[in-house]
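Remarks on the structure that follows.
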Amino acid sequence: MAKTIQEINEKIKKNKACVFTAEEIIQYVEKNGIKRAAQEVDVVTTGTFGPMCSSGAFLNFGHSSPRMKIQKAWLNDVHAYGALAACDVYIGATEIPDDDPANKIHPGKFSYGGGHVIEDLIAGRDVFLRATSYGTDCYPRKKLETYINIKELNQAFLLNPRNSYQNYNVAVNKSERVIYTYLGILQPNIGNANYSSAGQLSPLLNDPYYRTIGIGTKIFLGGAVGYVSWQGTQHNPTAKRDKGGVPVEGAGTICVTGDMKQMSTRYIRAVSMIGYGVSLSVGLGIPIPIIDEEMMKFVSVKDEDISATVVDYSSAYPNREPDIVTRVNYRDLRSGTVTIEGQSVPTASLSSYSLAKEIAQNLKTWIENGSLLLSEKVESLPGAESGQTFKPLEIREKGGDTDD
């Protein structure tokens, strides 16, 4: 029998909702079956915690005296985008200072960058703001230097254009040299395999066709309540899927936003990767309403049922056409070793499964005590029927396009 989100919310208000995490529900379904579980369970909570390079924050400082239209800005010497008129800036997680000794390509140094600035702000630390402008009659100030604190900002909100990737690559290196990537250091001759996904706990892997997750969905973001605000960049619903509908490569993504003033550095942490640069690990969880048996089937997916594509990052990946080596499942990845091309390869996850479990449990607690109600999506994410795909950039000369 189908249930509505409104009906589930009424149960939440009365503290009568039956809630499981995406890990807990697997054993429950194995014991009781899909049909009974769908009747008895109202919500299944998911979680993920790992580097999300496409992360950033909007900040509003308030007007100085005299007023200033910030053109260029730096926070702890990390460049922020200031061309938003007056006193708003956006700082990206992967930005680093121009004179950073690591400078993204140095194999022996760590970087300080935008992700660290965001973490420092959430931690309540003072951050040094330096800004310049050309000056106008209404905004005459040309230079500004001061310390800011998140408590003094008018607004500070995380806005991640791409988050919660629906499956992703497993990275290996088939070359003869060590390489440095956003998935960590890769040893030569397939000496290791790195991945970044919470697998069976990952939000979009528990709702593969975006039936309940969409624009307006209320989520856990960085320890606070956030929202899905749009489809994410590189959203690719036409990606390859297995017979059960689970993508076997990078597929859907979501754009998310939330109030940084309510967030915690337990769930928002800067990441510095040798030879690559800076990122930001973001804790995110989504409650999934069990509206029918199909949703129960989706949320009971197990690590061994989810395959990820192993890609050689040494030559083909940087040249755009990934060299697909094989596919492996998340149970084997999480075991610590996988077999690739006949050899036993150690694995490592950039995503924290323990924190993903914690986030799913936090969401479960919020719902069980009535402090979080589910929200109806106001618009669906584009699905496979949209024909939308992730298209590469075509390099062409000016005027090289045609009207054909």
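Scan segment 52-74 residue by residue and report those that are part of a strand (DSSP E or B) and either touching a Lys or Arg at 6+ places or on another chain (Cβ under 8 Å) or among the basic types (K, R) (or both). Don't jump to the end; show me each part of the working.
To start, the set of residues in segment 52-74 that are part of a strand (DSSP E or B) comprises 56-60, 72-74.
Passing the criteria: K72, A73, W74.
Can you tell me which condition C138 does not meet? The list is (1) surrounded by fewer than 18 Cβ atoms within 10 Å (Cβ to Cβ); (2) under 30 Å from V311 (Cα atoms), and all the others hold.
Here C138 clears every test but (2).
Regarding V44, is this residue among the aliphatic types (A, V, I, L, M) and assigned to a strand (DSSP E or B)?
It is true that V44 is among the aliphatic types (A, V, I, L, M) and assigned to a strand (DSSP E or B).
Do we find that L363 is over 22 Å from Q187 (Cβ atoms) and touching a strand residue (DSSP E or B) at 6+ places or on another chain (Cβ under 7 Å) in this structure? Outline the logic, then answer.
Details: over 22 Å from Q187 (Cβ atoms): yes; touching a strand residue (DSSP E or B) at 6+ places or on another chain (Cβ under 7 Å): yes.
Against the criterion (over 22 Å from Q187 (Cβ atoms) and touching a strand residue (DSSP E or B) at 6+ places or on another chain (Cβ under 7 Å)), L363 qualifies.
How many residues does segment 187-219 contain that are more than 27 Å from R241 (Cα to Cα) and crowded, with 19+ Cβ neighbours inside 10 Å? Full working, then the answer.
The first filter runs over segment 187-219 and keeps only residues more than 27 Å from R241 (Cα to Cα), leaving 187-189, 191.
From what is left, the residues that are crowded, with 19+ Cβ neighbours inside 10 Å are none.
Here the count works out to 0.
Residue by residue, here is whether (1) at positive phi; (2) in contact with a Cys (Cβ under 7 Å, 6 or more places away or on another chain); (3) modelled with pLDDT of 90 or more; (4) part of a loop (DSSP other than H, G, I, E, B) holds:
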residue: A316; (1), (2), (3), (4): no, no, no, yes
residue: R334; (1), (2), (3), (4): no, no, yes, no
residue: V338; (1), (2), (3), (4): no, no, yes, no
residue: V345; (1), (2), (3), (4): no, no, yes, no
residue: A356; (1), (2), (3), (4): no, no, yes, no
residue: I367; (1), (2), (3), (4): no, no, yes, no
residue: E385; (1), (2), (3), (4): no, no, yes, no
residue: Q388; (1), (2), (3), (4): no, no, yes, yes
residue: G399; (1), (2), (3), (4): yes, no, no, yes
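Which condition from (1) within 15 Å of the chain's Cα centre (by Cα); (2) without any contact (Cβ under 8 Å) to a residue 12 or more places away in the chain is the one that E321 breaks?
With respect to (1) within 15 Å of the chain's Cα centre (by Cα); (2) without any contact (Cβ under 8 Å) to a residue 12 or more places away in the chain, E321 is out only on (1).
Name every residue in segment 233-281 that is in contact with a Lys or Arg (Cβ under 7 Å, 6 or more places away or on another chain) and either under 16 Å from G387 (Cα atoms) or without any contact (Cβ under 8 Å) to a residue 60 or more places away in the chain (or both), in order of residue number.
Result: T233, Q234, P247, T253.
Looking at this structure, is E394 more than 23 Å from the chain's Cα centre (by Cα) and either outside any strand (DSSP E or B) or farther than 30 Å from M263 by Cβ (or both)?
yes
Does G82 satisfy being more than 27 Å from the chain's Cα centre (by Cα), surrounded by fewer than 23 Cβ atoms within 10 Å (Cβ to Cβ) and within 29 Å of R141 (Cα to Cα)? Explain how you work it out, then say what you get.
Details: more than 27 Å from the chain's Cα centre (by Cα): no; surrounded by fewer than 23 Cβ atoms within 10 Å (Cβ to Cβ): yes; within 29 Å of R141 (Cα to Cα): yes.
So G82 does not fit the description; no.
If you check V338, V345, which single one turns out to be among the hydrophobic types (A, V, I, L, M, F, W, C), touching an Asp or Glu at 6+ places or on another chain (Cβ under 6 Å) and over 18 Å from S164 (Cα atoms)? Spell out the reasoning first.
Values: V345 fails: touching an Asp or Glu at 6+ places or on another chain (Cβ under 6 Å).
Going through V338, V345 in turn, the sole match is V338.
Would segment 271-282 turn up any residue that is in contact with a Gly (Cβ under 6 Å, 6 or more places away or on another chain) and outside any strand (DSSP E or B)?
no
With of a type outside the set (D, E) and modelled with pLDDT of 95 or more as the only criterion, which of G245, G258 stands out? Talk me through it step by step, then tell me what you get.
Details: G245 fails: modelled with pLDDT of 95 or more.
Testing whether each residue is of a type outside the set (D, E) and modelled with pLDDT of 95 or more leaves just G258.
Among the candidates R331, R396, R320, which residue alone is surrounded by 12 or more Cβ atoms within 10 Å (Cβ to Cβ) and among the charged types (D, E, K, R)? Walk me through it before giving the result.
Values: R396 fails: surrounded by 12 or more Cβ atoms within 10 Å (Cβ to Cβ); R320 fails: surrounded by 12 or more Cβ atoms within 10 Å (Cβ to Cβ).
Matching residue, one of R331, R396, R320: R331.
So V256 fits all but one of (1) outside any strand (DSSP E or B); (2) touching a Leu at 6+ places or on another chain (Cβ under 6 Å); what number is the exception?
With respect to (1) outside any strand (DSSP E or B); (2) touching a Leu at 6+ places or on another chain (Cβ under 6 Å), V256 is out only on (1).
The values are calculated or read from the model by the stated rules, or taken from the named source; none is laboratory data. Everything numeric here is computed off the predicted structure, so don't read it as measured data. A quick note on method: Cβ atoms are made from the backbone with ideal geometry, for glycine too, and the neighbour counts reach across all protein chains shown.
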